[in-house]
Structures are given as structure tokens and as C-alpha cells.
Amino acid sequence: MLLCLNIFTNNFSKGIPQSSCIKSERQALLKIKQQLKDSNMLADWEARNEDCCKWVRVFCDTVTGHVTELQLGSSNDTIASSRSKKAGSLKLGGKLSPALLDLKHLSYLDLSNNDFDPTQIPDWFWNLTSHLRYLNISGNQFQGKIPNLLTNQASLVLDLSFNNFTGSLPGISLNVTVLDLSNNVLSGSMSQFLCHKKHQMKLEVLNLEDNHLSGEIPDCWEKWRSLVAIELCNNNFSGGIPSSMGALTSLESLHLRNNHLEGEIPDSLTNCTQLLTLDFAANHLSGEIPSWMGERLSKLIIISFQSNRFHGHVPDQICGLSSLQILDLSHNNLSGNIPSCINNLTAMISRKMSYSKISYNTSKGCFFDNMALMMKGVVLDYSNTLRLIKLVDLSDNNLSGEIPAEMTMLTGLLSLNLSKNHLVGKIPSNIGAIKTLECVDLSENNLSGKIPDSMSKLNFLSYLNLSYNNLIGQIPTGTQLQSFSASSFLGTKLYGPPLSTSKPLVPASNIVGELVDNRTQVDWNFICMEFGFWCGFLCVACPLLFTDSWDECIFSILTKLKIKHFFE
């Protein structure tokens, strides 16, 4: 989760002249620098430069001259470079100085992505949250437990992500609007953090991804109605999706991926009509995919239910989601046909490339969504380019019937994965109409017929798998289909380049079987010759075996031969 803030603007960017800084605050800044290993990042923080409001990464109130912002995060290099070419790509280290408390009017502090030594945040540091409106210490090596943050009076954006904080979730005041504790080592349940609230909380973004939180997700979300985005992925939560989440009528993004959740999707989510993203992948959820999703959650852009235990048909009502760009129902137990109305997913028809991110508005700016998706055989994380992805993945289910011809009307699709099902019939002849396709996987089905010639028109295709089908005929030549490896066509009756022979390619296991069969076949001509030889031999040898004297036997035979010769 990324947040783009629009409430904190830089005075220099507005071109408004700044007042000279306060002497006591200049002295505080010099003390702060003494404790830091700045590697020349703060080279102009010198006593001889009296106006600290002109120092790099320092911003003051244009009227009073008080220091209001310190942008000391390494991610702000581009901002700093606009005022000083000395900023470069340097990072801070060393220790945090209590002189920060002397900046009484400081409202914005960014220390993100630096190289502070693995250390515990000093207790005095948390007192800054009583008057700050933005605190970002993400991407460091800070350790220890986070205390309860109940004293802040201002509306606070708090980013403590990508550190090594341990312990349980801290209590927060109702004035915290963004809380990002992702990628730490926090453990325990959410119950104490979430429940027992007397007032409506103002929190809009909650990110607890990649921790060690466990237990059930508490069913007490009624006091958190301002939430726009919830990120609980990659924890150890169990139990069901709480029905009280239906009270979150402003919710736009819900990520519960990679936990141990079970049960059915609660009907109460029909109230969350602003939802744009549903990510329930890699859990143990069951039941049927609710038909009301296509009727009540009409704004959905992303559905990811991959790797669960859903059964039943893919509901036709999903076709009513005209804004849907990503549909991932792979690795479930779904059956029946692929809905022929799939061409109603009009967002997948447009070929217009949008370079804007998928974002959600909050009172503090815009929230950027992110997703893990299977593309070209590997799982990739998408954030900045998520808006560009248009994907249908129904692989590893029990779907049957033919691939609907209407699928080829999704002319903006980038990835199509229907592998590991029981699909029959031919590959739609007009599949080449989806000119944007980069990934096609139809492997391990019962598809028959030839590869359509139109597939040779897929100029952006970089991943193809048609293996283990009943496909026949020659692979269309003179196209980039010849650039794929032979494994893309393994287990079919196709032939021609890129296959090494002009005969259909069969799996190695079949070849071994044929050799074994040939070895055990009987050659009857050879056996008849052998039988005749041994019969003649025995006719001569047997009288010899049962005669008293070899001489008498031989004399008798010679006598008979002479008599026969005499009469001739």
C-alpha cells in the first residue's frame, strides 16, 4: 500500500518567499545533525548559514518562520535535489536526537529508507506524535515494541512499515487516519486493537500486511466506518470473514490474501457497494461465489479468489461487472461452463492503455493499491502498473464445455489462463482478435482440432502453453509461434517447427511404452522355421538314441541306402 499525500505541499514549489528561521530552532537542527551520520546529505546545515529555512530538506511557515517539515527520507532525493545538487542518493545513519522535541511546530517528519543502526526507538520519540500530522520512519531497522499512541491531538498519518517492531498491536487514538504497520514482526490477535471503542474511529487506511498476527479477525468493525482500505495479507488469521465488515460502507479495498480463513463470503458485504478490490486468495474459503457480487458490487475492478475451495458454477451475474479488469478464480473446484456473456466485461475490451495507478481517495490524499498476480508462469507484485493489467485466470478447476467464442471479444486482454480444466472443442478461430495478448495457457484440457491461423497475429505473445490436448495438424508457420520451445506443444499431435520432427510430438513416456510393446511382439514366421528344423532333427536322432549298437544302426541305414541305389 502506498499513499500519495496532497495536504503537505512544499513552500519552495509554490514560489512563496520564506521568513528567516527561529534561532532556537536553528540550534535544534544543528544538534540533530550532530547525532546523525549524514554523509554530506546535510552539508549546508551549518551555523554560518543563518537562515535554516533555506537549508536542504527543511521547510518553514512562510509567516512565522517556524520549522514545520523535515523531509529526511532517502526517497525524497528528487525533492532535495531541486534545492541542492549535493543531496544525491545519500542516506542518514547514526542516532535520533531528543532535540527533535524542541521543534514545537513540527508537523511533518519523514525519516524513511535510511540506514539507522538496529536499535530500539527511544521512549521520548513517541511524544512527537502528540503534535505531528505525518510521521514516516519506514524502511529502517528500528526494533522494540510500539507503545499505545493515544495522546495525539492532530489528524495523524503514521507509517512504521518495514522495520523489526515486535509485540502486539498498539492502541491508537481516534485521530489517526492512516496506520501502516506492515512488514514487521507483530504478533497476537487484533481483538484488543479493534474492539472496545467508545467513539467512531477516523482511521481510513489500515495496513497490517506481513506480520505474525493470529486468531480470528474480530467481529466488531462497527466503530471503523471511515475505513477505505484494509490490508491484512500474509498473516495467520483463522475463522471466517466477520459479518460486521458489512458496516464499512466506505470500504473500497479489502485484502485478506494468504491466511487460514474458512467458511463462506458473508452476505453482509452487499452493503459495501464502493468496493473496487476483493482479494481473498490463498485461504480455505468455501461455498459458491455469490451471485450478488455482480449485482451489488458493480464498481469492482479486481476479484482474486485464487487457491480456495469454492465450488459451483461461475455465476452469470459476474458478467455485469463492466469495470472488472482482473478476474482470478483459479485453483478452486468450480464446474460448469464458462459464461458466454463474458464479453460484457467491457473494461477488458478497451485497448486504451491507462498509465494511472488504481487509487482510492482519502482525506489525506490518494491510496495506491497493489496485487500479487500469476503472469507468464510466475507470481509478480503489481502496484505502479496494476492499472495496465487485464487478466482472466480460471485455471485448475473442473470447468467443462467449449471456450466461448465471446471470449475473443475481450480485445484488451493481456493474459488468458484456462489450463487444467476439462474444456473440449476447438480453440476459438478468432482468438487473434485479442491483439494485446501476452500470455495464453490452455494446457491440460481436451481441446481438439488445429491451432487457428489467427493465433499467428498475436505479435505481443511471449508465453504460450498448449500442451497435453488433442490438438492436431501443423503449427502455423512463418510466425512467432516458432519461437516457443517444444514444451509448449508437448502431449499433442501437432507437428512442424519449432518441433524437431515433422511427426506429431508425443511424451517420452509414450515412446518408452512403444519400445516395450515392440519388444514383446511375436514373429510367427521365425517360430515356424524353428519348429520345422527341430522336428526334422528329432526324426533322425531318436532312432539312434533307442538302438543297442551304434554300428548296427549305421550298417542298417547304409545297407538300405545301397539296396535302394541298386534298384534305381
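Inspect the range 366-377 for any residue being within 20 Å of the chain's Cα centre (by Cα), within 18 Å of residue 417 (Cβ to Cβ) and among the charged types (D, E, K, R) and give the result as yes or no. Checked the range 366-377: at least one residue is within 20 Å of the chain's Cα centre (by Cα), within 18 Å of residue 417 (Cβ to Cβ) and among the charged types (D, E, K, R).
For every residue, the table says whether it meets (1) assigned to a loop (DSSP other than H, G, I, E, B); (2) hydroxyl-bearing (Ser, Thr, Tyr); (3) open to solvent by less than 40 Å² (accessible area, probe 1.4 Å).
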site: 90; (1), (2), (3): yes, no, no
site: 96; (1), (2), (3): yes, no, yes
site: 99; (1), (2), (3): no, no, yes
site: 104; (1), (2), (3): yes, no, no
site: 113; (1), (2), (3): yes, no, no
site: 117; (1), (2), (3): yes, no, no
site: 124; (1), (2), (3): no, no, no
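When the residues of the range 127-146 are filtered to those that are surrounded by 16 or more Cβ atoms within 10 Å (Cβ to Cβ) and under 24 Å from residue 195 (Cβ atoms), the one that is modelled with the lowest pLDDT is 129.
Taken over the range 397-408, the criterion of being of a type in the set (A, V, I, L, M, F, W, C) and either part of a loop (DSSP other than H, G, I, E, B) or open to solvent by 30 Å² or more (accessible area, probe 1.4 Å) (or both) is satisfied by 403, 405. Name the strands (runs of 3 or more DSSP E) wholly inside the range 191-258 in which the number of residues that are not β-branched (Val, Ile, Thr) is 3 or more. Fully inside the range 191-258 and qualifying: 212-216, 236-239, 253-255.
Suppose we keep only residues that are of a type in the set (Lys, Arg) and within 20 Å of residue 92 (Cβ to Cβ) within the range 33-53. Which one would you say is most open to solvent (accessible area, probe 1.4 Å)?
By that ranking, first place goes to 37.
Restricting the range 357-396 to residues that are under 17 Å from residue 301 (Cα atoms), surrounded by 14 or more Cβ atoms within 10 Å (Cβ to Cβ) and among the β-branched types (Val, Ile, Thr), which is modelled with the highest pLDDT? Step by step, filter the range 357-396, then rank; the result is 392. Scanning the range 303-323 for residues that are in contact with a Gly (Cβ under 9 Å, 6 or more places away or on another chain) and either more than 21 Å from residue 259 (Cα to Cα) or open to solvent by less than 10 Å² (accessible area, probe 1.4 Å) (or both) yields 310, 312, 313, 314, 315, 316, 317, 318, 319, 320, 321. Filtered by the rule that a residue be open to solvent by less than 30 Å² (accessible area, probe 1.4 Å) and in a loop (DSSP other than H, G, I, E, B), the range 176-190 gives 181, 182, 184, 186, 190. Any residue that is open to solvent by 20 Å² or more (accessible area, probe 1.4 Å), in contact (Cβ under 8 Å) with a residue 60 or more places away in the chain and not basic (Lys, Arg) - is there at least one of those in the range 234-247? No - not one qualifying residue is present in the range 234-247.
The values are calculated or read from the model by the stated rules, or taken from the named source; none is laboratory data. Since we're looking at a predicted model, the values are computed, not measured. Because the Cβ atoms are built from the backbone with ideal geometry, glycine has one as well, and the counts that use them run over all protein chains shown. Keep in mind that these areas ignore ligands, DNA and RNA; they rest on the heavy atoms of the full protein, side chains included. Shrake-Rupley method; radii C 1.70, N 1.55, O 1.52, S 1.80 Å.
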